[in-house]
Protein chains: 2
Amino acid sequence: MLNPALIKEFKNIVGAENVFTDDADLLTYSYDAAVVKPVVPALVIRPTTSEALGRSVKVCGENGLPVTVRGAGTNLSGGTVPTAREGVVILTNGLKRILEINEADMYAVVQPGVVTAQFAAAAQAKGLFYPPDPGSQAVSTLGGNVAENAGGLRGLKYGVTSDYVMGLKFFDTNGEIVKTGAKTVKCATGYNLTGLLVGSEGTLGVFDEITLKLIPLPAHRKAMMAVFNQIIKASEAVAAIIAARIIPCTLEFMDNFTIRAVESYSRAGLPTDAAALLLIEVDGHPAMVEEDAVKVEEICRQQGAVDIRVAKDDAERDKVWAARRSALSALAKLKPTLVLEDATVPRSRIPEMVQAMQDIAAKYRLEIGTFGHAGDGNLHPTILTDKRNTEEWERVEAAIAAIFDKALAMGGTLSGEHGTGIAKSCFLEKETSPATIQYSRAVKAALDPRNILNPGKIIGG
Amino acid sequence: MLNPALIKEFKNIVGAENVFTDDADLLTYSYDAAVVKPVVPALVIRPTTSEALGRSVKVCGENGLPVTVRGAGTNLSGGTVPTAREGVVILTNGLKRILEINEADMYAVVQPGVVTAQFAAAAQAKGLFYPPDPGSQAVSTLGGNVAENAGGLRGLKYGVTSDYVMGLKFFDTNGEIVKTGAKTVKCATGYNLTGLLVGSEGTLGVFDEITLKLIPLPAHRKAMMAVFNQIIKASEAVAAIIAARIIPCTLEFMDNFTIRAVESYSRAGLPTDAAALLLIEVDGHPAMVEEDAVKVEEICRQQGAVDIRVAKDDAERDKVWAARRSALSALAKLKPTLVLEDATVPRSRIPEMVQAMQDIAAKYRLEIGTFGHAGDGNLHPTILTDKRNTEEWERVEAAIAAIFDKALAMGGTLSGEHGTGIAKSCFLEKETSPATIQYSRAVKAALDPRNILNPGKIIGG
């Protein structure tokens, strides 16, 4: 329990109704979507103005209270799990105003608590497109997306969150405003602190305002499903599509295990006897969309697709994408513990990586469902287990390490889009070098000498 | 003159033939393309291997020697002007190997000294496209482009250098290797040090290897020139094209002063009686290109273009682009001193900014030629002067400050693509905040405590 004088101070800043100290409230914010040990915070606060947010950070800084900023807690690496030492969780769901959508200059300014899908819909209403679409977009927040550098289904063609952050205003560890980037499409002024802050998981500053790039909505799109009776053929089709220099906006993979889980959950009409599916969407100018769709279909057939189903309208398309987006929830119903990895490989290595997942599942005698953004080389092998079964859990941990080793051996990376958080910080040196860790720690120590901004994430410590 | 034992050590590392101490050599590397005071270095070295580069940095670090890494010295902000205190210039033109162009995964790995246009040509030979094309691409290096976050003519559609840097290996201030980013299209592992290093102007590390993203070559393109008899109509046409949600790959502006200088220099057949020109290129799928070209032409005519000339073939197109690229050289011939600014505004504000340039030229009685990347809001007002004329130079400095103030008042930025360097560091706080400067200085101090990596750039000091 925090010092009552401090609690009173927070009440003055954010209002008594926005300070939470009950056990039930505190417990609610002790965990996120990752499989890491929950930590109960000492206090949860919910600022509703920029000024209150800044003053809250300042008070935390002055009193050495660790701050964990939390959007929707959908991250999969433990980025929003609080710190044991009298942690303060700052909720951003009181800061959810879209401050500006500038149609002429195609940018928007938002507060961190704006929900991703709601923002994308607001942009779309003005004929503009915000492409990043993490699987959790219906609830995830833009602040969380920026903090984790969230990816999504359209990364292949449109990139990830970092490709859309033009500028930031954020509070430093003293609660002072730092301003970086611009509302212009080019900016080479000062250090690229915007670049540094994206993906920094709340460890280097607390976002106040985010300036996001928007682009014109694509004129046309076409979605299709390619059905395979061998998993390896589906993965080879992915590599063949990319090799043909076609860049679909989405190119998603699902293995049989995932198909069955998703179909049982969503009843979208997926072929449950398929060994694997590719869900493909092309978008852009209508003529290009038609040509690309024909080429994609040809390639899939050449690679052994037994069926190709083209969505006849948006409703059919939306149904399939909704099913795909339910994969995590669908799989999570099957077992008490779900570990969703996102080691990523150069996309031409997808067939090898799919094979490696099967080998690892067999070797460690585990159920691993694999789905994900095959076009990005970003698969999500999903291990279903029960953490209370310690013998099995040891095999799970060994399998995770094996997945990381495979990905790195193929020139890949530990995390495509889920971040490092607590879950992967101990693996960081494997991919980088001792000097990289030191360099990263030096940045953190300089910018947050009292170590109050989400301690323990990314670089441990 | 440096301590002879140190010179001997550098000769051991890079070879005697790659250590330069003659006055003529040292003088050659005392300046770059910016109008800032030249500083003669104590030593110039030219490593030809990655290992020699790393060892050179280490020796500089151990001996407190300031290191200024230099590609082609084409930057316009003083980023490659050495430091007075026994500065060592490290040339990268001995490190110019393209280490890999991966066609399947569409990336390349290069050494820092590779010339931009040569790299783009090598990618094109494999059917791949490296879009960033700074005006100086024929001689500029990729290391310099990354250090300065160089832009170019295609920024409007394709972005700038930072949009293509997937990963870096660089030497820290101790000569140790730091590794950041990946060869995958998504990477959320560790801090985004890649983002921080892009545009850091050699102050945070010395690039060893750069991993660059490539994309498929656009299938088709079409270039045209729109001729206007009023400058304001040309600038309004820019805003109208963007408002119509057309994204040309280039949308360049030239005023009459620039047109006449360029035509006299390049004999490309530009209309020297035009008040202003727009040079426009659209690219992509052939059907889209045709439609966009028709729309652009319509918009230009509606906005008062008196002539539209469509390039009939690549030769004609290339001739006009070569002329445009000669603008800096053409203007530089007219007077002893040329100051090329790049304050940038949200693109819808281009008409206001063009008007502001004219007002500033009149107020301060200066010749200002204006050209540049209008579609990005990134104009290059170019002041022709003679720095030895101190009375006029004071007016030039006042005009520059006025340009910055105007750009910031319109929600713009000090530099779109030329960097902060020495030339703009004193203006940085105007755009940001005191805390931003402190935050930036804290990063620098932590990563380079002896202040040996290109001291004095970006944040001064």
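The values are calculated or read from the model by the stated rules, or taken from the named source; none is laboratory data. Quantities reported herein were computed from a predicted structural model and do not represent experimental measurements. Positions of Cβ are backbone-derived with ideal geometry, glycine not excepted, and every protein chain shown enters the neighbour counts. The accessibility values were calculated without ligands, DNA or RNA, using every heavy atom of the protein model including side chains. Shrake-Rupley method; radii C 1.70, N 1.55, O 1.52, S 1.80 Å.
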For chain B, what is the calculated [θ] at 222 nm in deg cm²/dmol (nearest 500), taking -39500 (n - 2.57) for each run of four or more DSSP H residues and dividing by its residue count? -10500 deg cm²/dmol
Which FRET efficiency value, to the nearest 0.05, do you get for B:Gln230 and B:Val40 by plugging their Cβ-Cβ distance into 1/(1 + (r/R0)^6) with R0 = 51 Å? 0.60
On a 0 to 90 degree scale, rounded to 10, what angle separates helix B:286-302 from the longest Cα axis of chain B? 60
Which lysines, on any chain, are close to A:Lys8 with Cα under 26 Å apart, when same-chain ones fewer than 8 places away are left out? A:Lys58, A:Lys96
Run through the stretch A:227-310 and list the trypsin sites (Lys or Arg not before Pro) located in a DSSP loop whose Cβ has at most 15 other Cβ atoms within 10 Å. A:Arg245, A:Arg267
Pseudo-spin-label distance B:Val139 to B:Arg450, built 7 Å along Cα→Cβ, given in nm, is 3.3
Taking placed amide H atoms and a strict 5 Å upper bound, the residues 5 or more places from A:Asn229 or on another chain that come that close are A:Ala275, A:Val306
Taking the 0 to 90 degree range and rounding to the nearest ten, how far is the long axis of helix B:231-243 tilted relative to the main principal axis of chain B, both from C-alpha atoms? 80
Between B:Ala409 and A:Ala104, Cβ-based FRET efficiency (R0 22 Å, step 0.05) works out to 0.80
Spatially near lysine pairs across the stretch B:98-216, Cα under 13 Å, sequence gap of 8 or more or different chains: 4
With +1 on the Cβ of every Lys and Arg and -1 on the Cβ of every Asp and Glu, and nothing else charged, how large is the dipole of chain A about its Cα centre, in debye rounded to the nearest 20? 320
What accessible area per residue, rounded to a whole number of Å², is obtained for the stretch A:4-91 using a probe radius of 1.4 Å? 40
Just to confirm the number: angle between the C-alpha axis of helix B:50-62 and the first principal axis of chain B, 0 to 90 degrees, nearest 10? 70
7 Å along Cα→Cβ, label-point gaps from A:Glu367 to other copies, nm, shortest first: 7.9
Report, for B:Ile98, each distance to the same residue's label point in the other copies, shortest first and in nm; define the point 7 Å along Cα→Cβ. 4.3
How high is the relative contact order of the stretch B:4-91, in percent, with contacts defined as C-alpha pairs under 8 Å that are six or more residues apart? 34
Counting only Cβ atoms, what residue of chain A lies nearest to the axis that sends chain A onto chain B, and how many whole Å off? A:Gly195, 1
From the label point of B:Glu297, set 7 Å along Cα to the beta carbon, how far off in nm is each other copy's matching point, shortest first? 3.4
How far, in nm, would the chain grow between B:Glu394 and B:Asn12 when pulled straight, counting 0.36 nm per residue and subtracting the alpha carbon separation? 132.7 nm
If I take R0 = 56 Å and measure r between the Cβ atoms of A:His220 and B:Met1 in this structure, what FRET efficiency does the formula 1/(1 + (r/R0)^6) give, to the nearest 0.05? 0.25
